[in-house]
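Enquirer: Sending over a structure as C-alpha cells; questions will come in a sec.
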Amino acid sequence: MVASPTGSGWRPTAGARFFCTAGRGLEPFLMREVRVRLAATQVEYISGKVFFTTCSDLNMLKKLKSAERLFLLIKKQFPLKVSSVSKVWKNLLELDAKKDKLSQRDANPLKRKVGENDVTNPKKLKTEQMQELQESRECQPEKQMEEETAEQGDFLMNREKSQEAFQNEVVKAADDPSQKDLTFRVSCRCSGAIAKTFTAQEVGRVIGIALMKQFGWKADLRNPNLEIFIHLNDIYSVVGIPVFRVPLASRAYIKTAGLRSTIAWAMASLAEIKAGAFVLDPMCGLGTILLEAAKEWPDVYYVGADVSDSQLLGAYDNLKAAGLQDKIELLKVSVTELPLPSESVDVIISDIPFGKKFKLGKDIKNILQEMERVLHVGGTIVLLLNNDHHRSLQDCEQSGIPLNSKGSPTDEPGIEECLSPREKTDLSDTVSSSSEASSQGGLDKMPPVGSLVPVECYQVSLGRTEAFICKYRKSHSLGL
C-alpha cells in the first residue's frame, strides 16, 4: 500500500507507482507489456519514460523486456521554473562572494602592521599572512557552506506540499539509528532550458548536500546503499529510486551483444508468435532476435540464417550460453536463396543490416521478394529498417515490385502516428490532441509491398541512428 495526495487529503491506494525508462519509440511496446504482464493501471508515458501502478511483486517486475531501468516513483511534477531556480542560485553565488570579501578584510590588519613596523621582514610577513588567511578559511565550518548551498536543495525538494509529505516519511526512516550510516548518490539529468542554466553535476551536488545535512547520510559514488534519480526538463520533473542495480535491458543469457535486446524483444512481440509456429530470421547475425523470441515463446521451431561464418559462430556461442542450442537451428545460406519451400514459414523477423559496411541498395527488392515467397498467406513479417530502406520500400513500385492501386510513397510516420486508437486513449496528458488526431495517418499512406500489407510501423532510436520497426502481413498467394 502506498499513499497518494488528493484534494481531500491522503488516502491509501492499492499497488505502488513506478516508472521505467525506455528507448525513444519503444514506449508503446512497454505500455502494452506492463498492462499484459503486470496488470498495470494508470499507464501513461512521456518521451523516454512509462509510468504505471501495479500490485505485482519484484519477480514479475524483473521480467519486463522492453524497459531499460525500473524506478519506484517518488515524485512527478510540472517543471521547475528556471527563473526561480536561477534567482536562488544567484543569491548563493553572491553570498559566497561576500564571504570571500570578508575573509580578505580579516587579513588586512596584517598589512597595516607592516606600515607600523618598518623592520618587519617582508618574506616573513608574507608567510605569516598566508598562514593566517589559511587558518581563517579553515575556521569556517564546512557545515556553514553546506547550509548555504543546501538552500537551493531545499528549494528543489520542498517546492510543493506533497513533496514535504515525502520528506516527512524519509525523516521517520532517518530517525532509525540503523539508517545513520546509509550511503547514497544522486544521479541527475537536465535537459531543455534548465540544462542551459545548470549542469547535472551542479544540481546533483546541491541536492546531495541537502540530503547529507537533513538526514546525516553519507555520499558514496561507487557503491551506495541508495541511488536517487532526478530528471529535470521543460515538461516535467521526476524523482525516483532504482528498484534493481542491474538494468532490465541487461540480459545475462546473451554472451555477445548484437542488436539491442529491448529492440529485439519489441520486434518479436509484434510478430504474434504462437506455439508450434515456424519462425525464421534470414539475416540473424548474432541471433539476438531469435534469443529474445525463444526465451519468451519456447514452444516454437526457430531457424536463423546468415552468410557470415563469424556471425554464425557468435550466434552459436550465444545459443549455447542461453541453453537454447536445441531450440534454434542455424544455417549458412544467403537471404536471397533460402532452401525452403514456398509458403512454408509462419513468421519472419529480421534486422535488415545497414550502415557503411552494408550497402544493400537495390538488393532490398530481392531480399523482400524471397521473404515474401517463403511466407505463407496470413503470415507476418517484422523488419527493422533504416531511413533509406524504409524509403526504398515506399518507392518499390518504381523498382519493379508491384503495388496495388492505392499505394503511394509518403514521408515516414512518427511514433504517435503509428499508435492504435486504443493506445491513444492511454497516453499521458503531455501528448497533444493534435498528435492523437493524426495517429494512423502515416500508416494508412504506406503502400503494400507486393502481397505484403503494412499493419504497424514504429519509429525508434538506435542511439545516433533512427530506424523503423515495420510489420507486414501476407494477404494473398503470389500465384494469384
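Read the figures in this text as sums done on the coordinates, not as results from a lab. The shown structure was predicted, so the numbers you read here are calculated from the model rather than taken from an experiment. Using ideal geometry, Cβ is built from the backbone for each residue, glycine included, and neighbour counts are taken over all protein chains shown.
Enquirer: With label points built 7 Å along Cα→Cβ from the Cα atoms of S308 and E272, find their separation and express it in nm.
Expert: Distance between label points: 3.2 nm.
Enquirer: Between V453 and N225, what length in nm is gained on full extension when 0.36 nm per residue of separation is reduced by their alpha carbon distance?
Expert: Full extension of this stretch gives 76.9 nm more.
Enquirer: Over region 178-274, what lengths in whole Å, largest first, do the semi-axes of the equivalent ellipsoid take, defined as the square roots of 5 times the eigenvalues of the alpha-carbon gyration tensor?
Expert: Each semi-axis is the square root of five times an eigenvalue, giving 33, 20, 11 Å.
Enquirer: What distance in nm separates the simple spin-label points at F244 and S187, each placed 7 Å from Cα in the Cβ direction?
Expert: Result for the modelled spin labels: 1.3 nm.
Enquirer: Set the Förster distance to 22 Å, then compute FRET efficiency between A195 and M60 from the Cβ-Cβ distance, nearest 0.05.
Expert: Taking R0 as 22 Å, the efficiency between A195 and M60 is 0.05.
Enquirer: May I ask you to evaluate 6.51 cos²θ - 1.76 cosθ + 1.60, the Karplus curve with θ = phi - 60°, for each residue of region 212-220 and list the ³J(HN,Hα) values in order in whole Hz, giving x for glycine and proline?
Expert: Along region 212-220, the couplings run 4, 5, 7, 10, x, 6, 10, 7, 8 Hz.
Enquirer: For region 371-388, just list the computed ³J(HN,Hα) in residue order, Karplus coefficients 6.51, -1.76 and 1.60, θ = phi - 60°, integers in Hz, with x standing in for Gly and Pro.
Expert: Working through the residues one at a time gives 4, 4, 5, 7, 7, 7, 4, x, x, 10, 10, 10, 10, 9, 10, 7, 4, 5 Hz.
Enquirer: Here's something else I'd like to know. So how much slack lies between E466 and I235, counting 0.36 nm per residue of separation and subtracting their Cα-Cα distance, in nm?
Expert: So the extension gain works out to 80.9 nm.
Enquirer: Can I ask one more? Counting just the Cα atoms, what span does region 237-376 cover along each of its three principal axes? Round to the nearest Å and put the largest first.
Expert: Principal axes ranked by extent give 52, 37, 30 Å for the Cα atoms.
Enquirer: Now, a different point. Rank-order 278-286, 338-346, 381-389 by packing density, defined as the average count of other C-beta atoms within 10 Å over each peptide's residues, highest first.
Expert: With the highest mean Cβ count within 10 Å placed first, the list reads 278-286, 381-389, 338-346.
Enquirer: Amide H of G379 versus every other amide H placed in the peptide plane: which residues, excluding those fewer than 5 positions away on the same chain, fall under 5 Å?
Expert: Amide H neighbours of G379: K474.
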